[in-house]
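Notes follow the structure.
Taken together, the values in this text are just the output of simple stated rules run on the coordinates, not laboratory data. Just so you know, these numbers come straight off a predicted model, no measurement behind them. All Cβ positions, even for glycine, are placed from backbone atoms using ideal geometry, and neighbour counts span all protein chains on display.
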């Protein structure tokens, strides 16, 4: 089974559009403010896609562009201005940012209630504690994809390749909340192949082209490929798709798997941020 991320995302987008409509009928408006620094082409493409989908669900989206030379002070001042603006529901600073600006300082400066990326330490801590939190978009999207195949994940052994703050760690927290047994693999882990072979659910966010082969995967496993790599001018994932699909119960393609869900979950988080900021249904 190939997990159709585009179709599942479209269904979620439709639900989001209906929810936005109900909010608007009560006299409220939703607005997502995105800060884009420099002229890094992939970031420009990502932001354009986010803006397009936001408009599709009637969420106002503004892109605030700064040259790569912007000072850290000026950026933090702008974020503070957005924090105080009651018309702004959610704030996103598109990563990566220039090296002269401290990423942690930027993330920490965003109001946790407007942090659509879910990167603020308060949201990270709440997620780790099992409390209500804004969850990073890609792991949240991955969970939607897994549960589209199997609703009850209790007792499943989930293996995650990658321990980043953006994907691996929050993914582990989400799966623990679903009562999975979770293993995180990383660059210092021993015998990745045998560890992966034990997984009922295998999620790869390693950033290594087609690293996961068919003989790494247990028959009947669910495989979610978060990787985005280039091979012969084509986008490919961490998983050798043609090889792994022969043994997996379900697998996401790249592109068309996790990517669409990430954007859909960003919009879902924008609604959640709006509700938190306005103390609605908390």
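Modelled spin labels at residue 10 and residue 154, positioned 7 Å past Cα toward Cβ, are 3.5 nm from each other. The stretch between residue 58 and residue 187, if pulled fully straight at 0.36 nm per residue, gains 42.2 nm over its current Cα-Cα span. Taking 0.36 nm per residue of separation and subtracting the Cα-Cα distance, full extension of the segment from residue 49 to residue 165 would add 39.4 nm. Here each label is just a point 7 Å from Cα along the line to Cβ, and for residue 26 and residue 234 those points are 4.8 nm apart. Where a ≥ b ≥ c are the square roots of the eigenvalues of the C-alpha gyration tensor, would you call the chain rounded, which needs a/c under 1.5, or, failing that, prolate if a/b is larger than b/c, or oblate? Prolate, because a/c is 1.5 or more and a/b exceeds b/c.
Under 19 Å from a label point set 7 Å out along the Cα-to-Cβ vector of residue 132, the amide N atoms of the range 82-96 belong to 89-91.
The simple Förster model, with R0 at 25 Å and r as the Cβ-Cβ distance, assigns residue 147 and residue 17 a FRET efficiency of 0.75. Compactness of the range 1-115 is given as radius of gyration and Dmax, 15.8, 50 Å, from Cα positions. Taking the 0 to 90 degree range and rounding to the nearest ten, how far is the long axis of helix 258-277 tilted relative to the main principal axis of the chain, both from C-alpha atoms? Once rounded, the angle reads 40 degrees.
The fewest-to-most ranking of 243, 117, 225, 87 by surrounding Cβ atoms within 10 Å reads 87, 243, 117, 225.
For the chain, the longest principal axis of the C-alpha atoms and the axis of helix 168-177 are separated by about 80°. Averaging the sequence gap over all C-alpha pairs within less than 8 Å and six or more residues apart, then dividing by the number of residues, gives the chain a relative contact order of 21 percent.
Given Cα pairs under 8 Å that are at least 6 residues apart, what percent is the relative contact order of the range 27-117?
Once divided by the residue count of the range 27-117, the mean separation gives 38 percent.
Over the range 137-259, what portion of Cα pair distances is larger than 27 Å, expressed as a whole percent? Don't jump to the answer; show the numbers that get you there.
Working: 467 of 7503 pairs.
Cα-Cα pairs in the range 137-259 separated by more than 27 Å: 6 percent.
Net length available on complete extension from residue 215 to residue 277 is 17.5 nm, with 0.36 nm assigned per residue and the Cα-Cα distance removed. Calculate how steeply helix 72-84 sits against the longest principal axis of the alpha-carbon atoms of the chain, using the helix alpha-carbon long axis, and give the answer as 0 to 90 degrees to the nearest 10. Its long axis makes an angle of about 80 degrees. Computed from the C-beta positions of residue 74 and residue 194, the FRET efficiency with R₀ = 45 Å rounds to 0.35.
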